[in-house]
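Participant: I have a structure I would like to understand better, so I am pasting it below and will then ask my questions one at a time.
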């Protein structure tokens, strides 16, 4: 996979071996590819043509399907707010399966968090 991504002009992210990035030298457009085993997710900026071009080149090398907008990736639910340019990632379905598997959902356990602590969403 690495050879294919490098041949397409992607660079390997030094801090995460499953992430590759492509920067168009003229326009500074960025496309990120997240690779895990046989799952690949391409993420691009608002300049859609470069993203489509790189996905097409990738698909000529590897047998795969384009599901257009990503809704699920590695058991994470992904939703988009196109108007505000926001992406939301939710693993609650997977978390509920883990809790059920260990019967934790029905057996509350104390933690170091204060009683009644509520997590706040990160709006940044």
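Participant: Would it be correct to say that residue 69 is in contact with a strand residue (DSSP E or B) (Cβ under 8 Å, 6 or more places away or on another chain), at pLDDT below 80 and closer than 30 Å to residue 7 by Cα?
Facilitator: So residue 69 passes the test.
Participant: Tell me, which strands (runs of 3 or more DSSP E) lie completely within the stretch 1-100 with 3 or more residues that are closer than 30 Å to residue 120 by Cβ?
Facilitator: Output list reads 30-36, 39-44, 76-81, 86-90.
Participant: Going residue by residue through the stretch 39-60, is there one that turns out to be in contact with a strand residue (DSSP E or B) (Cβ under 8 Å, 6 or more places away or on another chain), surrounded by 12 or more Cβ atoms within 10 Å (Cβ to Cβ) and touching a residue at least 40 places away in the same chain (Cβ under 8 Å)?
Facilitator: Yes; the residues of the stretch 39-60 include at least one that is in contact with a strand residue (DSSP E or B) (Cβ under 8 Å, 6 or more places away or on another chain), surrounded by 12 or more Cβ atoms within 10 Å (Cβ to Cβ) and touching a residue at least 40 places away in the same chain (Cβ under 8 Å).
Participant: Of all the residues that make up the stretch 1-27, how many are without any contact (Cβ under 8 Å) to a residue 40 or more places away in the chain, farther than 17 Å from residue 39 by Cα and touching a helix residue (DSSP H, G or I) at 6+ places or on another chain (Cβ under 7 Å)?
Facilitator: 2
Participant: Which of the residues belonging to the stretch 33-65 are over 19 Å from residue 18 (Cα atoms) and modelled with pLDDT under 80?
Facilitator: Hits for the stretch 33-65 are 45, 46, 47, 48, 65.
Participant: Specify the residue that is surrounded by the most Cβ atoms within 10 Å (Cβ to Cβ); the eligible residues are those in the stretch 1-28 that are within 15 Å of residue 44 (Cβ to Cβ) and out of contact with any strand residue (DSSP E or B) (no Cβ under 7 Å at 6 or more places or on another chain).
Facilitator: For the stretch 1-28, the residue satisfying everything is 8.
Participant: Look at the stretch 75-95 and say how many of its residues are touching a helix residue (DSSP H, G or I) at 6+ places or on another chain (Cβ under 9 Å) and loosely packed, with under 13 Cβ neighbours inside 10 Å.
Facilitator: Number of matching residues: 1.
The values are calculated or read from the model by the stated rules, or taken from the named source; none is laboratory data. Every value quoted in this text rests on a predicted model; they were computed, and no experiment measured them. FYI the Cβ positions are ideal-geometry reconstructions off the backbone, even for glycines, and counts take in every protein chain you see.
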